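Before any comments, here is the structure.
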Amino acid sequence: MKESDIKNYTFRIILNNYCNYKCNLCFNEWQGHDARHNNISLDSLKSALEPYINEIDYLKLTGGEPLLNPNIKTITDYLTSLSLVSITTNGSLLKKWYNKLSDKILYTISIYGYDSNSFISYTNKTADDFVNFQNQLSVVKMEPERFSANVLIQPNNNWNFEKFLNFCIEKGFKKIRFITLISNNNNLVFSDNRKEVESFFETNSKYAVPNINPTVRKLSIKNVSLELVTQYSEFSSEVNSNYGFYWVNIDGSIRKAPQFDNILF
């Protein structure tokens, strides 16, 4: 990739390829799914970003579970000196790192269940893990402006839009995204469940927030921001070009998102 190809894009940095959850339909962004535990090094990260320092608009850290990267403190100290930084995490280690990492960091928490049964069904974890997860979320109400919730639209047996929404509001989230999932042939999966969310957005259209990005629909209801996020590959190449993002892989290589037709999230 040439330096001239990148102009003020979001960079999604894959910090590692492993996680402490075993989710069904895992959308691990490290597509190699190597059995070994691999982490991006600070040196590789610096080498990857250095040519584009003046072009960086936003840095989003992902994985795997990014908070498991043993160098998370050193890496985020460096990245927050460059740009706005957000970490997408399953939330299981939130309280461990929240006060240790820079207070400039934003957090996006993946919400996989609204009660013990739905959480266990999706993550293959335990009831105790769900109790721990809820305990971790106690930090959200301390600084709600730094947190957002990502709710993956799930299979029928796990899906209840109203319960997911109420769970997020109860935990203190002021920004809640409902995310679609794309299968390997780019067809939306669980489309009936997405239609339920779309119907809610249509019914509450009087609360719509103007937005130039066609991949996101927004509502603002009682000081809570709601978004329905649609995958880029549903749109034209022009939209992908304007609103797409770039991956920084574990090995330090950079790739543009629309190159892949099997990326899940």
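The values are calculated or read from the model by the stated rules, or taken from the named source; none is laboratory data. Everything numeric here is computed off the predicted structure, so don't read it as measured data. Here Cβ is always computed from backbone atoms with ideal geometry, including for glycine, and neighbour counts include all displayed protein chains.
The table below gives the values:
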| read-out | value |
| --- | --- |
| Condition broken by Leu137, with the remaining ones in (1) under 19 Å from the mean Cα position of the chain (by Cα); (2) over 22 Å from Gly64 (Cβ atoms); (3) not in a loop (DSSP other than H, G, I, E, B) satisfied | (2) |
| Among (1) within 19 Å of the chain's Cα centre (by Cα); (2) over 19 Å from Ile250 (Cβ atoms); (3) outside any strand (DSSP E or B); (4) not small (Gly, Ala, Ser), the one test that Thr76 misses | (2) |
| Pairs with Cβ under 6 Å, 6+ apart, first in the range 31-52 and farther than 12 Å from Asp251 by Cβ, second at pLDDT below 95 and surrounded by fewer than 16 Cβ atoms within 10 Å (Cβ to Cβ) | Pro51/Glu3 |
| Hits in the range 53-73 - residues which are over 20 Å from His37 (Cα atoms), touching a residue at least 40 places away in the same chain (Cβ under 8 Å) and not in a strand (DSSP E or B) | Glu55 |
| Single match in Ser118, Ser148 (criterion: touching a residue at least 12 places away in the same chain (Cβ under 8 Å), part of a helix (DSSP H, G or I) and surrounded by 20 or more Cβ atoms within 10 Å (Cβ to Cβ)) | Ser118 |
| Lone qualifier among Lys104, Lys125, Lys95, Lys100 - being among the charged types (D, E, K, R), outside any helix (DSSP H, G or I) and under 19 Å from the mean Cα position of the chain (by Cα) | Lys104 |
| Conditions (1) touching a residue at least 12 places away in the same chain (Cβ under 8 Å); (2) over 18 Å from Gly172 (Cα atoms); number of the one not met by Asn90 | (2) |
